[in-house]
1. Ignoring ligands and nucleic acids, what accessible area does residue 268 show with a 1.4 Å probe (Å², nearest 10)?
2. Quick one: 3J(HN,Hα) in Hz for region 419-430, Karplus 6.51/-1.76/1.60 with θ = phi - 60°, rounded, Gly and Pro as x.
3. Please compute the length gained on full extension between residue 263 and residue 424, using 0.36 nm multiplied by the number of residues separating them and subtracting their Cα-Cα distance.
4. Per q in 0.20, 0.22, 0.25, 0.26 1/Å, what log10 I(q)/I(0) does a Debye calculation on the alpha-carbon atoms of region 395-468 return?
5. Under the rule of at least 5 residues apart or a separate chain, name every residue whose amide H is placed under 5 Å from the amide H of residue 389.
6. Return the loop-located GluC sites (Glu not before Pro) in region 470-531 (DSSP other than H, G, I, E, B) with at most 16 other Cβ atoms within 10 Å of their own Cβ; answer none if there are none.
7. So what are region 122-181's ellipsoid semi-axes, whole angstrom, largest first, if each one is the square root of 5 times an eigenvalue of the alpha-carbon gyration tensor?
8. Restrict the search to region 440-534; then list the trypsin sites (Lys or Arg not before Pro) that DSSP places in a loop and that have at most 12 other Cβ atoms within 10 Å of their Cβ.
Amino acid sequence: MSFLNLPPPSLHTLLNHNHTPPSFFPFRPHTTRIHRSLTLPSFFRHKFTSPERVAHSILKTDDGVTSCSAEPDNLINDVKIVAIVGEDAVSPLKSASWLDVMLHTAERLKWVDENYEMQVFTDNIPGPTTAIQKLENAVTSANILLIVSVTKPDPLESIQRYIQKIPNVICFDSSPTLQNKLGGSIIPKEKNSNVFNKITKKTNETIELSRTISEAWMRNNSDDIRFCLLVVINSYIKPVPILKNLRAQGFSTLNCMVKNCGRQVLNCLLDPDCRKALQCLNQCSPVDQVCNYQCIASYESPILEKFSLCVLQKHNCLDLDAKIPEKPFVPPMVTFRGEVLSHETAEDFFVGWLGDLQWSWRVVSGQNPAYDQFPCQYQLFYRGNARGSFWYEPVFQVKTLDGKLVWRRRKYRVKRGKVAGTFHFSVLDNGVVSNEYWTIVDVAEDFSWGLFHYSGAARVAGQCYTGAVLVSPNGEYPNEREMDKLRLALDRCCIKEWELFDVDNCSCKDPPLGLPEGTRLHVAITVDNVQLMG
């Protein structure tokens with residue numbers, strides 16, 4: 001019998017064969033109890049199931065697939081968050097103050113929905129004053145209270161009163177006397193834990209919710225801090241559109257895979273490296289893109305690429321449709337060396353030092369925790385043989401999960417945007433197409449550094465993202481006299497210095513560089529007369 005025609009029960013039998021452990025197979029049907037042993041790695045699955053208490057905001061169809069329904073009349077529409085942070089508390093984000101981190105988080109929430117309101121206060125709660133009145137008014141209408149690094153005894157009594165009034169309370173690194181709440185229910189505490197405490201005797205969905213929040217917070221980056229709040233909003237207040245891809249699919253996903261991609265699924269299950277990739281992905285936290293991408297970069301192979309190309313890209317078995325984020329809007333630089341920026345000059349910015357060096361740029365630091373943290377990142381931008389063609393090839397190192405250092409390389413097609421300094425990128429990465437919108441934010445006149453911003457989406461994987469990379473010819477930060485200009489450029493990206501992840505450029509032996517024959521470099525400007533720094 002052809003594998004493509006196997007019904008689900010026979011597939012289940014195959015998966016329990018000694019050479020094919022069930023946990024390797026990419027499917028976990030959250031909304032049905034059929035084939036409970038089948039597990040979908042987080043790269044290939046919806047990553048989060050909303051708690052039952054908000055099931056009224058989800059429409060369950062006959063085939064078990066969940067989808068967003070119209071909001072009921074009694075669903076709360078306003079999102080009002082109050083954050084209270086320790087007055088002098090320092091965060092793990094490059095020692096930025098928690099006050100600065102929370103104020104920035106309030107701005108980043110506006111990228112998701114302009115109507116989200118987050119007010120930030122310190123725990124320096126005085127007697128009756130204008131400030132305390134403002135806090136009291138904010139608490140009265142809030143539906144989420146976030147408490148971070150509050151340990152002093154003096155403000156705790158006031159904060160305990162606030163906790164009684166607000167249905168959702170999440171406390172991090174704060175006094176153990178403070179209680180966490182979700183949907184009005186107090187969360188039992190675990191001993192020896194100073195982070196958001198997991199639930200032990202609630203529904204499976206709520207356990208997953210609390211675990212998701214806790215693990216995301218401990219990743220210590222601005223994306224996941226915001227994500228913690230979005231998860232609570234999505235689960236207890238109103239649906240968050242950008243999280244709709246985190247809801248579970250039903251049995252139709254498995255049917256799609258078996259019907260359309262049986263051979264690719266079987267080949268992956270029988271291949272040791274492809275099985276390792278799926279097993280690795282399955283062990284990642286569902287929302288940990290760093291872990292997910294490290295698994296793929298560690299175990300990528302032609303068989304894995306064919307698997308995801310069929311299941312995701314060609315047949316979209318998960319029925320996802322992520323879109324490139326529209327916010328933040330980042331304007332491109334307008335002039336360079338006293339002249340209005342042209343498309344040709346903008347392309348030359350990308351080409352950078354290529355020709356004088358073997359690479360265009362080296363990445364100094366980046367904002368995205370999943371894609372900008374790999375060591376030894378080289379950028380190669382060049383014009384191709386065909387008229388108007390332009391290409392980008394990043395070369396980077398990956399420390400695989402078995403301890404090896406390997407080089408990886410991707411190839412992006414690049415097209416000009418409508419405005420000079422903006423570009424559309426596309427790449428096939430391990431069987432999944434990602435589309436990105438890049439902006440040249442600024443480039444130093446002596447080409448000593450550049451700042452590029454991007455927003456992207458892997459549509460059929462249900463993932464969207466933003467980021468930015470600071471580049472230089474030698475992978476080192478600009479000198480001090482350039483830092484003020486760099487900070488202004490970061491401000492235009494709505495990025496703080498403490499959000500950047502520094503790239504390890506120390507051990508970058510024998511990178512696989514080189515370009516195709518017929519490559520063309522600069523057109524409008526040159527860097528021949530610029531001395532390489534360092």
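The values are calculated or read from the model by the stated rules, or taken from the named source; none is laboratory data. Since we're looking at a predicted model, the values are computed, not measured. Every residue, glycine as well, gets a Cβ built from its backbone with ideal geometry; the counts of neighbours run over all protein chains shown. Areas reflect the complete protein model, heavy atoms only, side chains present, ligands, DNA and RNA absent. Shrake-Rupley method; radii C 1.70, N 1.55, O 1.52, S 1.80 Å.
1. In the full protein context, residue 268 sits at about 0 Å².
2. Once rounded to whole Hz, the list reads 9, 4, x, 10, 8, 10, 10, 9, 8, 9, 10, 6.
3. Length gained, residue 263 through residue 424: 54.6 nm.
4. The Debye formula, applied to the Cα set alone, gives -1.01, -1.10, -1.17, -1.19.
5. Hits under the 5 Å cutoff: 384.
6. Numbers: sites: 476, 480, 482, 497, 499, 517; in loops: 476, 517.
Those satisfying the criteria are 476, 517.
7. Working: eigenvalues 60, 44, 15 Å².
Values for region 122-181, descending: 17, 15, 9 Å.
8. Working: sites: 459, 481, 485, 487, 492, 496, 509, 520; in loops: 496, 509.
Sites meeting the loop and neighbour criteria: 509.
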